[in-house]
Each structure stands twice: as C-alpha cells, then as structure tokens.
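The values are calculated or read from the model by the stated rules, or taken from the named source; none is laboratory data. This is a predicted model, so every value here is computed, not measured. Heads up, the Cβs are rebuilt from the backbone with ideal geometry, glycines too, and the neighbour counts pull from every protein chain shown.
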Amino acid sequence: TPKLPAGSYKPKQSLGQNYLKDPNTVAKILRTFHQDATKHRPSVERILELGPGAGALTDRLVETYGAANMQAIELDERSVQILREKHPGLRVQHADVMQVSYPDLAEAEGQPLVVIGNLPYYITSQILFALADASHAGAVHSATVTMQWEVGQRMVAARSTKDYGILSVVFQLYADVTCHFKIPPTVFYPKPKVDSALIGLHFLGPARLRQRLAGVRPADLRRVVTATFQQRRKTVRNSLKKLC
C-alpha cells in the first residue's frame, strides 16, 4: 500500500485530492513545465501553482526557482499551514481556485502568469476555461497541468474524430495545446481509477486571439460551440435555433 511521506496526512476525497508520490514523475513534470514556461520567454517567472496539496511539485519548484518567484492557491487548510511552515517565503493563498481572479494576480505581479498544477478531476474543465478567459485578458502565458487522460485527449483531438468536441475547438483556438505524456495511477496516492495526462497550453495572448476570433466575443463563441456539440445528431442550423 502506498504511503504518504512522514508528516503528511490523508488526502480528502471531497476535494478530489490525489497526491503525486513518485520523484521521477515529479522531475519529469518539472522539466516539461520549464520547456512550456520558457516558450517565447527567456526565463521562468511569476509561477502560480494550483492545488499544491502535500507539496511534491512545490518543493522542487521552490528549490529550482525560489519561493519569491512563485505563489500557490490551496483550498485545504492543512496544506496551507504545512507549506507556509516549510517554505516561509512562499505566498500560499488559502482560497478556491475557481474563485480567484487570475487577471488581478497577474496585474499584481506585473506580467502574465505561468501556471502549473495537478488538477482535481471533477473541476478540470472549469479551471481550464477560467485560465482561457484569463489568457484573453493577457493574464496567463502558459499552463502545464495534469488531468484525466480522456479529457487531455479531447483537448488535442483532430477534427472528424470521435474525441473532437467543445474542449478541442475552444482550446485549440486559445492556445497551442500539447499532450506531453501519460501518467499511470501508480504514481499517485490514493491511486485514481484512470490514467492521467500532462497537458501543456501556450496561450496565444490577446492580440493573436482577437485575430483568430475575427471579432467574435469569446463568450459568444463558447455558447455556439457548446450548443453545436451538445446535439451532435442535429444539423448546425437546428442546434443553434435556441440561441437566435
């Protein structure tokens, strides 16, 4: 049975917590994060970690980039306390990642954020859409995040395939999306029932996104795409009638 490191605690199922416990996987994620974060940027700055949990990624991030160069958002008060004690210079915000204003965080930092996180499966899509909206405001440069394998495959799916849908259309418009590698359940505690994926998103930024959208508001685009793919068997015209 896998055990947490000494001094840690039992993950909360209600928060969708699955802690990374394999050092080799952590190192691989950090190497990939560095590549994503330095795409079109000379160095890694203004790191934001979402849901650090027991700190497997956090410890390596602080070691590599310094506590002053990053901050974390964590809902579990136990994690907040442990991380603040372990890394005194690290800014750990006790908050829900779905209630945070990413544009406000970026404005306070003076430049777009580079995001990393092991995302809870049950709110993955909501977090991704929040990051996409923030990128439209120029607040997020890139994101390197873990998620359920099937969700990751939908994000990178090609047109005319069974996985192509809402996530594919929206995120391939907003960002260059890469599925870096598959992560087995055995590297987490507790073990999830499915494989995970490490996905990298390099967001286009406001100017390039506006060019791609050709004047369409992001909120309107999402409404149209959602209506279209929720009723795949209908023609596009019939799917969009309720929006008119």
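Within segment 99-114, is even one residue under 23 Å from H180 (Cβ atoms), surrounded by fewer than 20 Cβ atoms within 10 Å (Cβ to Cβ) and assigned by TED's automatic domain parsing to the domain that holds H40?
no
G66 meets the stated requirement of being modelled with pLDDT of 95 or more and at positive phi.
Could you tell me how many of the residues in segment 169-212 are of a type in the set (G, A, S) and surrounded by 20 or more Cβ atoms within 10 Å (Cβ to Cβ)?
The number of residues fulfilling the criteria is 4.
Going by what's in this entry, would T144 be described as assigned to a strand (DSSP E or B) and closer than 16 Å to A197 by Cβ? For T144, the condition - assigned to a strand (DSSP E or B) and closer than 16 Å to A197 by Cβ - is met. Return yes when M155 is in a strand (DSSP E or B), assigned by TED's automatic domain parsing to the domain that holds N69, among the hydrophobic types (A, V, I, L, M, F, W, C) and within 14 Å of the chain's Cα centre (by Cα) and no when it is not. Spelling it out, it is not the case that M155 is in a strand (DSSP E or B), assigned by TED's automatic domain parsing to the domain that holds N69, among the hydrophobic types (A, V, I, L, M, F, W, C) and within 14 Å of the chain's Cα centre (by Cα).
Is it the case that K193 is of a type in the set (D, E, K, R) and in contact with a Phe, Trp or Tyr (Cβ under 7 Å, 6 or more places away or on another chain)? No. Remark: pairs (first residue in segment 90-107, at negative phi; second residue charged (D, E, K, R) and loosely packed, with under 12 Cβ neighbours inside 10 Å; Cβ separation under 8 Å; 6+ apart in sequence or on different chains) = H94/E77.
Based on this model, can you work out whether S79 counts as within 26 Å of P206 (Cβ to Cβ) and out of contact with any helix residue (DSSP H, G or I) (no Cβ under 8 Å at 6 or more places or on another chain)? In short, no.
Residues are listed down the side, and each one gets a yes or a no for (1) over 16 Å from the mean Cα position of the chain (by Cα); (2) outside the structural domain of L128 (by TED's automatic domain parsing); (3) hydrophobic (A, V, I, L, M, F, W, C):
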| site | (1), (2), (3) |
| --- | --- |
| H34 | no, no, no |
| R41 | yes, no, no |
| R46 | no, no, no |
| G51 | no, no, no |
| A54 | yes, no, yes |
| L57 | no, no, yes |
| R60 | yes, no, no |
| M70 | no, no, yes |
| L75 | no, no, yes |
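Per the conditions (1) outside any strand (DSSP E or B); (2) under 15 Å from V100 (Cα atoms); (3) touching a residue at least 60 places away in the same chain (Cβ under 8 Å), the sole criterion not satisfied by A130 is (3). Applying the set (1) surrounded by 17 or more Cβ atoms within 10 Å (Cβ to Cβ); (2) modelled with pLDDT under 95; (3) under 23 Å from D36 (Cα atoms) to V156 leaves exactly one unmet item: (2).
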